[in-house]
1. When you scan segment B:118-130, do you find a residue that is surrounded by 15 or more Cβ atoms within 10 Å (Cβ to Cβ), free of Cβ contacts under 8 Å to residues at least 60 places away in the same chain and within 11 Å of chain A (Cβ to nearest Cβ), even just one?
2. Need a quick list: strands (runs of 3 or more DSSP E) entirely within segment A:1-81 having at least 2 residues that are among the acidic types (D, E).
3. Identify, by number, the condition in (1) more than 15 Å from the chain's Cα centre (by Cα); (2) closer than 23 Å to A:V162 by Cβ; (3) away from chain B (no Cβ under 14 Å); (4) surrounded by fewer than 20 Cβ atoms within 10 Å (Cβ to Cβ) that A:E58 doesn't meet.
4. Among the residues of segment B:96-117, write down those that are part of a strand (DSSP E or B), over 15 Å from A:Y126 (Cβ atoms) and either within 9 Å of chain A (Cβ to nearest Cβ) or not aliphatic (A, V, I, L, M) (or both).
5. Out of everything in segment B:13-38 that is within 12 Å of another protein chain (Cβ to nearest Cβ) and free of Cβ contacts under 8 Å to residues at least 40 places away in the same chain, what residue ends up being surrounded by the most Cβ atoms within 10 Å (Cβ to Cβ)?
6. Examine segment B:39-54 for a residue that is more than 10 Å from chain A (Cβ to nearest Cβ) and loosely packed, with under 15 Cβ neighbours inside 10 Å, and state whether such a residue exists.
7. Scan the strands (runs of 3 or more DSSP E) fully inside segment B:3-87 and keep the ones with 3 or more residues being closer than 20 Å to B:S107 by Cβ, modelled with pLDDT of 95 or more and of a type outside the set (K, R).
8. Would segment B:140-157 turn up any residue that is in contact (Cβ under 8 Å) with a residue 40 or more places away in the chain and over 14 Å from the mean Cα position of the chain (by Cα)?
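The values are calculated or read from the model by the stated rules, or taken from the named source; none is laboratory data. Since we're looking at a predicted model, the values are computed, not measured. Neighbour counts run over all protein chains shown; Cβ positions are idealised from the backbone, glycine included.
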Amino acid sequence: MITKQTITIVGASGSMGTAISSSLSRGNYRLLLCGSELAEVQKVVDAVKYSIAAAEVEALDCTLDACWEADIIVLAVPFAEMQEVADRIREVVNQKVVISLANPLDDATDTPATGVVAELQKLLPYTKAVRVSANPFTDAKPKEVIIAGDDEEALETVSELVSTAGFRPVVADAGAPDTASEPEV
Amino acid sequence: MYELFFEEFNKKVPITAEEQEQIKHYLTPKKLRRKQYLLQEGDVCKFIAFVEKGALRAYSVDENFTENIIQFGLEGWTISDLYSFLTEEPAVYNIDALEDSELVLISKSAHEEMLQTIPKYETYTRLNITGAYLAMQRRITTIISSTAEERYQDFINLYPHIAQRVPQHMIASYIGLTPETLSRIRKKLSSGK
């Protein structure tokens, strides 16, 4: 795609958010980073720009505005925080691709029977929910990343994104449970 | 976020609150900053954009790198590369924002689904495309049969609000004149000759 896509990363100053921000900055994307502490998010922006001077990346203190501008939203927040973030951004993410990096196994909450995609889809019903997680069963290089979701176009978009970030995208079979893998990307 | 969209929709096809809610689920709210692209030539145009706030333009770039403006999109208008949107062939136009803008996007899949399931959306689309066709016919007639001065005056009469918001060189491009020619015409008109 020639037209630059805007990706908003919510939870950008966490370890996952930082990693994903720096890997995506190599692509033809404009990144808007949000987090609970703007100063921490700004540090991530500075680090990204230090390694890739041409990267188009910016810290924003309003998650709602950042998601309104976005074409794609990455939720780099724990599963337990997904609901709170969803409530904040719901009205501006309609029909957009929303990616969760959450791993319920890491959290104190019970693993939802239906998986992260279904939970995210329930929280944000009119979005194209996708889950991205590392494949724990292989040491292949580049690292394999499993992509799960129901919308074909969204899976294609996210596969492209994952490749840009330097990983090998593997689309999970439709209907396969997406509850039992690790999230580190 | 969707106020103007539904206001315009209701003017064309009155809908109930339930129908409005149903349509809303298919819409994508999107903010675009000044100078950012919604679409670049070569990509398939995947959206029809309705302008809630702000201003956009669609233009092609010729071999001399001259921008030729095909369409402006201000509040209440839709803008797209319709040929690319409908045929899924690469776009020949670029669309970018002249001001910070708020858009309501309708994706190809949302458009197709609404055409199938919401009859009033089909009527709305028919009226929109008819309007666009009439505007295009008028534009072609003006370009092939009017003098430069007539073209400018026609533009000012038809779109006085655009003339106030966009730079003169863009108006010149839209009506197929060089900025120098437009400047001469404006001088002539203001001196009353």
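1. Here is the first cut: in segment B:118-130, the ones surrounded by 15 or more Cβ atoms within 10 Å (Cβ to Cβ) are B:118, B:120-121, B:124-125, B:128.
After this cut, where a residue has to be free of Cβ contacts under 8 Å to residues at least 60 places away in the same chain as well, the list is B:125.
Those left that are additionally within 11 Å of chain A (Cβ to nearest Cβ): none.
Within segment B:118-130 (the criterion being surrounded by 15 or more Cβ atoms within 10 Å (Cβ to Cβ), free of Cβ contacts under 8 Å to residues at least 60 places away in the same chain and within 11 Å of chain A (Cβ to nearest Cβ)), the answer is no, since none of the residues qualifies.
2. Working: elements: A:5-10, A:29-34, A:56-59, A:72-75.
Hits in segment A:1-81: A:56-59.
3. Answer for A:E58: the failing condition is (3).
4. Taking segment B:96-117 as the starting set, the residues that turn out to be part of a strand (DSSP E or B) are B:96-97, B:101-107.
Next cut, over 15 Å from A:Y126 (Cβ atoms) only: B:96-97, B:101-103.
Listed by number, the residues that qualify are B:D96, B:S101, B:E102.
5. Start the filter on segment B:13-38 by keeping residues that are within 12 Å of another protein chain (Cβ to nearest Cβ), which leaves B:21-33, B:35-38.
When the remaining residues are screened for being free of Cβ contacts under 8 Å to residues at least 40 places away in the same chain, the result is B:21, B:24-25.
Numbers: B:E21: 10, B:K24: 17, B:H25: 13.
Here the residue is B:K24.
6. no
7. Values: elements: B:28-32, B:37-39, B:47-53, B:55-61, B:67-74.
Result: B:28-32, B:37-39, B:47-53.
8. Initially, segment B:140-157 is screened for residues in contact (Cβ under 8 Å) with a residue 40 or more places away in the chain, giving B:149.
So of that shortlist, the ones also over 14 Å from the mean Cα position of the chain (by Cα) come out as B:149.
Looking for residues that are in contact (Cβ under 8 Å) with a residue 40 or more places away in the chain and over 14 Å from the mean Cα position of the chain (by Cα), one finds at least one in segment B:140-157, hence yes.
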